[in-house]
Amino acid sequence: MSVTVLVGAQFGDEGKGKIVDYLSAEMDMVVRFQGGDNAGHTVVNNKGVFKLHLVPCGIFKKGCKVFAGTGMVVNPDELISELAEISSKGVDTSNMFVSSRAVILMPYHIELDNLGEKSGASIGTTKRGIGYAYADRARRTALRFEDLLDLEHCKKRIEKILPTVNSELKGKGGRSYEVEEIFEKCKHWAKFFKHMVVDPVSFLNKAIDSGEKILFEGQLGAMKDIDLGIYPYVTSSNPVAAYAAVSGGFPISKITNIIGVMKAFSSAVGDGPFPTEMDYEKANGFRGDGNNIDDEYGARTGRARRLGWPDLTLVKYAATINGFTELAVCKIDKLDDYEEIKVCVGYKLDGKEIDYMPPAYRMYDIEPVYVTVKGWLKDTSKIRKYEDLPKETKEYIELIENYTGVKVKYIGVGPAREDIIIK
């Protein structure tokens, strides 16, 4: 039995797509276990450059099953479009499956999200409707993929749901939706997805019990977790390792490995506290000009990311709540030109060092405690063996290990699958 969960150790955008793509070569199944198309995992391989928003990264391995799990909210039109784009590059997508219990993200969810962001209560969402789809799940007014398997039942659900939806839209100044308009979409989706929809509990447990190697792929990062992150500047789901088991319907004891992915520096998209953030201009050494695939711009939004010095206090918190067995450190090469690197190893609040993660509104008052380490001023992008790294790079890796208590196994030195060092 081999069940690996891979999650972000910061605010998201840590390089998870690259690590999942690398690990997928050994997997029988890759599962996305939460989130929607509000974020993207960038994969660079011999088929091209792909920014995946709903399709798990294992799609590129021949014979590997990929599964959109129960914890996701899925925009069917986006998934159809993404699969078509991948297929157009010669990639077989016949092994794509969708949980019957995954929530369908509707056009009116997107409408509500856009209206909400215009209302003055913005938290910097991607306006993809994710939060509203999750809200409907909690209110028990969401449609799920299982509803597409019985269109008569599906239409009755739409008729019951739409009056409340239209009332909310009207209150926000939006348009109304007709039953037939939504039902026509559902009929189209039913035809496309019917062969992909499976019962998630039996599907996953049979695979686990038969000894398949399975990788659960998280979206975003620990600090965006709705319960444990920088609330309210968070996503609407739980991008932590335990949720892979919760949403998958299998015992957490069956997870054998938990990989945390961190970037060698820090980044964030959207609003919220960011203790080690740099001024925009100062961060340009990390950011790039947008012409390279690994420059610091959002895979979904294209927005320039907020950037800062590495924050090990935050990564240690992520290790605590996830139980990392290994770390992957991506984009080490982005530090190649720095004479000195400031690394946050503690937080002060009201003049005193603290050993907990304070509420988001108090994180704006945090004073980071830094240590300064020597940079290496050498090109690491062509290095493939740990022993060949500069002494200062290895010292930085060792600092990460010693502070977080987690061994680093994977070191990313570029955007492509092969740009990696196994320690």
Given Cβ point charges of +1 (Lys, Arg) and -1 (Asp, Glu) and nothing else, what value in debye, to the nearest 20, does the dipole of segment 103-193 about its Cα centre take? 200 debye
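Where Rh denotes the Kirkwood radius from the mean inverse Cα pair distance, what is Rg over Rh for segment 96-246? Walk me through the intermediate numbers first.
Working: Rg = 17.1 Å, Rh = 17.2 Å.
Radius of gyration relative to Kirkwood radius: 1.00.
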Assign unit charges at the C-beta atoms only (+1 for Lys and Arg, -1 for Asp and Glu), then state the dipole size of segment 1-117 relative to its Cα centre in Debye, rounded to the nearest 20. 520 debye
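May I ask you to derive the FRET efficiency for R140 and D92 from their Cβ-Cβ distance with R0 = 41 Å, giving the value to the nearest 0.05? The partial results should precede the final answer.
Working: r = 37 Å, r/R0 = 0.90.
E between R140 and D92, to the nearest 0.05, is 0.65.
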Positive end of the charge dipole of the chain (Lys, Arg +1 and Asp, Glu -1 on Cβ, about the Cα centre): tell me which of Y403, P415, W309 has its Cα farthest that way. P415
Could you tell me the calculated FRET efficiency between K172 and K348, based on Cβ-Cβ distance and R0 = 60 angstrom, to the nearest 0.05? 0.90
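Dipole magnitude of the chain about its Cα centre, charges +1 at Lys/Arg Cβ and -1 at Asp/Glu Cβ only, in debye to the nearest 20? If you can, show how the numbers build up before the last one.
Values: 57 positive and 60 negative charges, 167 e Å.
Dipole magnitude for the chain comes out near 800 debye.
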Can you grab the distance from the C-alpha centre of segment 49-66 to the C-alpha centre of segment 151-211, Å, no decimals? 24 Å
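Determine the percent antiparallel among the DSSP beta bridges restricted to the chain, to the nearest 5.
40 percent
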Full extension between K385 and T164 adds, at 0.36 nm per residue less the Cα distance, a length in nm of 73.7 nm
Amide H neighbours of V103 at under 5 Å, excluding residues fewer than 5 places away on the same chain, with H built from the backbone geometry, are M72, V74
Suppose the Debye formula is applied to equal point scatterers at every Cα of the chain; what is log10 I(q)/I(0) at q = 0.11 Å⁻¹? -0.82
Simple label model, 7 Å out from Cα along Cβ direction - V198 to E152, nm: 2.9 nm
Anchor K382: lysines whose Cα lies under 22 Å away (excluding residues fewer than 8 positions away in-chain): K16, K18, K47, K263, K331, K334, K374, K391, K394, K409, K423
I'd like the FRET efficiency for E184 and S2, computed as 1/(1 + (r/R0)^6) with the beta carbon distance as r and R0 of 56 Å, rounded to 0.05. 0.85
Projected onto the charge dipole of the chain (unit charges on the beta-carbon of Lys, Arg, Asp and Glu, signs +1, +1, -1, -1), the Cα from G248, P200, V369 with the largest positive-side position is that of P200
Say the dipole of segment 271-423 comes from +1 at the beta carbon of Lys and Arg and -1 at that of Asp and Glu; which of A283, S381, F324 then lies farthest toward its positive end? F324
Based on DSSP H runs of at least 4 residues, each adding -39500 (n - 2.57), what is the mean residue ellipticity at 222 nm of the chain after dividing by all its residues, to the nearest 500 deg cm²/dmol? -9500 deg cm²/dmol
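The numbers here are math on the coordinates, done by the rules we state, and not lab data. On a predicted model such as this, the values are computed, not experimentally measured, just so you know. Cβ sites come from the backbone with ideal geometry, for glycine too, and all protein chains shown count toward neighbours.
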